[in-house]
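The values are calculated or read from the model by the stated rules, or taken from the named source; none is laboratory data. Worth saying up front: this structure is predicted, and the values here are computed from it rather than measured. So basically every Cβ, Gly included, is an ideal-geometry build from the backbone, and we count neighbours across all protein chains shown. Surface areas here come from the heavy atoms of the whole protein model, side chains and all, with no ligands, DNA or RNA. Shrake-Rupley method; radii C 1.70, N 1.55, O 1.52, S 1.80 Å.
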Amino acid sequence: MKLEVTPSAANLFKSEWGYQDGDHVRVFVRYNGEGGEDNFAFGVTRDNPNFPGVAVEKDQLHFFMEQNDVWYMNGQNLTIDSAEDGIVFNKQ
């Protein structure tokens, strides 16, 4: 299980979302209430780590997931990328 962030995603966090070098970006699991196959989704917020379960640094931003959220990765890798409509999360 590994967390990856593409350079284009890190750039988007800085240029469009106002993150600065040294900031911590928490990736968390949230209930999306849409029903269907999967009722959960990833969210992001600026936060400091308490009990990081997985972490990576990209372009001087520190991305992490707390231990209590890594269950959603189900042993898979997570890549944070960018697309035309913003940030996308790819579990593989």
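Observations, loosely collected:
- ALA10 modelled with pLDDT under 95 and open to solvent by less than 60 Å² (accessible area, probe 1.4 Å): no
- Criterion violated by VAL29 - all others in (1) assigned to a strand (DSSP E or B); (2) modelled with pLDDT of 95 or more; (3) open to solvent by less than 60 Å² (accessible area, probe 1.4 Å) satisfied: (2)
- Among all positions in the range 41-63, there is no residue which is under 14 Å from the mean Cα position of the chain (by Cα), surrounded by fewer than 18 Cβ atoms within 10 Å (Cβ to Cβ) and part of a helix (DSSP H, G or I).
- Options ASP69, ASP81: the member that is in contact (Cβ under 8 Å) with a residue 24 or more places away in the chain, part of a helix (DSSP H, G or I) and of a type in the set (D, E, K, R): ASP69
- Unmet criterion (only one of (1) of a type outside the set (Ser, Thr, Tyr); (2) within 22 Å of PRO7 (Cα to Cα); (3) touching a residue at least 12 places away in the same chain (Cβ under 8 Å)) for ASN50: (2)
- The set of residues in the range 64-82 being open to solvent by less than 50 Å² (accessible area, probe 1.4 Å) and among the hydrophobic types (A, V, I, L, M, F, W, C) consists of PHE64, MET65, VAL70, MET73, LEU78, ILE80.
- In the set (1) in contact with a helix residue (DSSP H, G or I) (Cβ under 8 Å, 6 or more places away or on another chain); (2) small (Gly, Ala, Ser); (3) closer than 20 Å to TRP17 by Cα, the condition left unmet by ALA83 is number (1).
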